[in-house]
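Q: The structure follows.
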Amino acid sequence: MPRRPPPRGSQPPRAWRPRRLALALASLLLLAHGPSADGQSGNPFRGRRLYVDPYSPARAQAQQWARSRPADAALMRRIGDQPQAIWLGDWMRDVRRETDALMSRITGSGALAVFVAYNIPHRDCGLHSAGGSRSGDAYRRWSRDLAAGIRRRPAVVILEPDGLAAIDCLPFRMQDERYVLMREAVQALKAAGAAVYIDAGNANWQQPGEMANRLRKAGIELADGFALNVSNFHATRVNIAYGERLSAMVGGKHFVIDTSRNGRGAAVERVWCNARNQALGTAPTTQTGHPLVDAFLWIKTPGQSDGVCNGGPRAGAWWAEYALELGKMAEALGSALPR
């Protein structure tokens with residue numbers, strides 16, 4: 001089935017003056033928003049401060065433990081002092097209103113908002129994080145409402161973790177719908193002024209050629225780049241090597257890497273969900289030292305459960321002891337968080 005192309009504007013009239021005006025406007029737009037010397041749009045993280053949520057679960061936990069467990073509270077406080085992405089999904093009553101409030105708070109602090117859009121129909125193939133919009137049309141409305149909440153203020157959106165890497169679980173008809181929905185979501189978010197990184201799984205999931213094909217169907221040419229290792233544990237260097245190969249197949253697009261739980265960088269033994277003996281990775285930063293990597297981010301909230309597995313609570317629930325375990329392992333490996 002042919003994929004729906006992005007909307008095209010009407011062709012300019014042949015009259016000389018309108019054509020000249022259109023060219024002049026295009027030149028101005030190129031100067032304002034055009035690609036950099038390497039052919040890519042500018043890094044949306046450059047010169048921006050990432051947002052630290054003063055109401056994060058880790059900060060609340062540190063306060064709760066301050067007297068009874070002061071050493072653990074200090075470590076938890078350092079986790080809470082790190083910028084972390086904010087997840088948006090079907091648990092929100094009014095995504096437009098709530099996103100607008102978040103944007104006002106974050107931009108008011110002078111920081112850059114980093115969101116994760118996680119509401120695609122048939123999310124997580126019905127597994128631990130099952131849910132999402134009930135239909136394609138519902139997702140379209142949700143995406144438009146999310147974009148309206150951003151309202152052309154500076155924001156980065158990581159689009160639909162696992163949405164492409166795990167698409168094989170869907171029948172072909174529903175795969176086609178998902179590609180169209182994600183492409184339309186990219187368009188809506190870009191029109192609202194957001195930078196968009198489409199999730200591309202991790203280095204040990206899909207082969208680069210296959211993932212590149214999926215990204216193209218989902219509108220990577222319209223997006224700012226792609227995201228790797230969301231909620232996973234693979235080493236940063238492994239993801240960079242994979243990202244370099246993938247970038248070369250999708251027009252040199254840049255990427256971001258989730259380093260929230262990859263401090264150990266070792267293969268997960270047996271059970272991926274809430275994998276044990278893992279560690280916090282590199283603290284979030286926009287200074288990656290790599291021309292294609294726009295940021296190292298904590299996209300997954302350290303301490304947020306993957307699901308009812310390995311002793312964890314339901315998916316998305318706060319699990320303080322797991323966050324503490326990640327922090328203590330990081331300290332044991334000599335990669336303690338900034339104090």
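Computed from the coordinates by the stated procedures, all read-outs in this text should not be read as laboratory data. What you see is a predicted model, and the numbers here were worked out from it, not measured in a lab. Backbone-built Cβ (ideal geometry, glycine too); neighbour counts: all protein chains shown.
Q: Run the simple label-point estimate for W272 and Y55 please: 7 Å along Cα→C-beta, distance reported in nm.
A: For the pair W272/Y55, the computed spacing is 3.2 nm.
Q: Here's a follow-up. Taking H as built 1.01 Å from N, whose amide H comes closer than 5 Å to the amide H of A279, not counting residues under 5 places away?
A: Under 5 Å from the amide H of A279 lie the amide H atoms of G263, R264, G265, each far enough along the sequence or on another chain.
Q: Full extension from R153 to D168: what is 0.36 nm times the residue separation minus their Cα-Cα distance, to one decimal in nm? Before the final figure, lay out each step's value.
A: Numbers: separation 15, 0.36 × 15 = 5.40 nm, distance 3.50 nm.
Here the segment from R153 to D168 would lengthen by 1.9 nm.
Q: A further question follows. Can you sort S104, S247 so the residue with the fewest Cβ neighbours within 10 Å comes first? Please report the intermediate quantities before stating the final value.
A: Working: S104 13, S247 21.
Ordered by Cβ neighbours within 10 Å, fewest first: S104, S247.
Q: Counting other Cβ atoms within 10 Å, keep those with at most 11, restrict to DSSP loop, and tell me which GluC sites (Glu not before Pro) in segment 252-339 are left. Walk me through the intermediate numbers first.
A: Details: sites: E269, E321, E325, E331; in loops: E269.
Listed in order of number, the matching sites are E269.
Q: With viscosity set to 1.567 mPa s at 4 °C, what whole-number translational diffusion coefficient in µm²/s follows for the chain from Stokes-Einstein and a Kirkwood radius over Cα pairs? Can you show the working numbers first?
A: Numbers: Rh = 20.8 Å.
Value of D from the Cα-based Kirkwood radius: 62 µm²/s.
Q: I've got another one for you. Within 10 Å of each candidate Cβ there may be at most 16 other Cβ atoms; applying that plus a DSSP loop requirement, which GluC sites (Glu not before Pro) in segment 204-249 survive? Present the calculation step by step, with values, prior to reporting the outcome.
A: Values: sites: E210, E221, E244; in loops: E221.
Sparse-neighbourhood loop GluC sites (Glu not before Pro): E221.
Q: Exactly which chymotrypsin sites (Phe, Trp or Tyr not before Pro) in segment 257-339 are in a DSSP loop and have at most 16 other Cβ atoms within 10 Å? Walk me through the numbers before you get to the answer.
A: Numbers: sites: W272, F296, W298, W318, W319, Y322; in loops: W272, W298, W319.
For chymotrypsin sites (Phe, Trp or Tyr not before Pro) across segment 257-339 that sit outside H, G, I, E and B with at most 16 neighbouring Cβ atoms in 10 Å, the list reads W272.
Q: So for the chain, averaging the separation of alpha carbon pairs under 8 Å that are six or more residues apart and normalising by length, what relative contact order in percent results?
A: Computed value for the chain: 15 percent relative contact order.
Q: Quick one: work out the % antiparallel among DSSP beta bridges in segment 40-332, nearest 5. Spell out each step's value before the answer.
A: On the way: 3 of 29 bridges.
Just about 10 percent of them are antiparallel.
Q: Calculate how steeply helix 236-249 sits against the longest principal axis of the alpha-carbon atoms of the chain, using the helix alpha-carbon long axis, and give the answer as 0 to 90 degrees to the nearest 10.
A: So the inclination is approximately 10 degrees.
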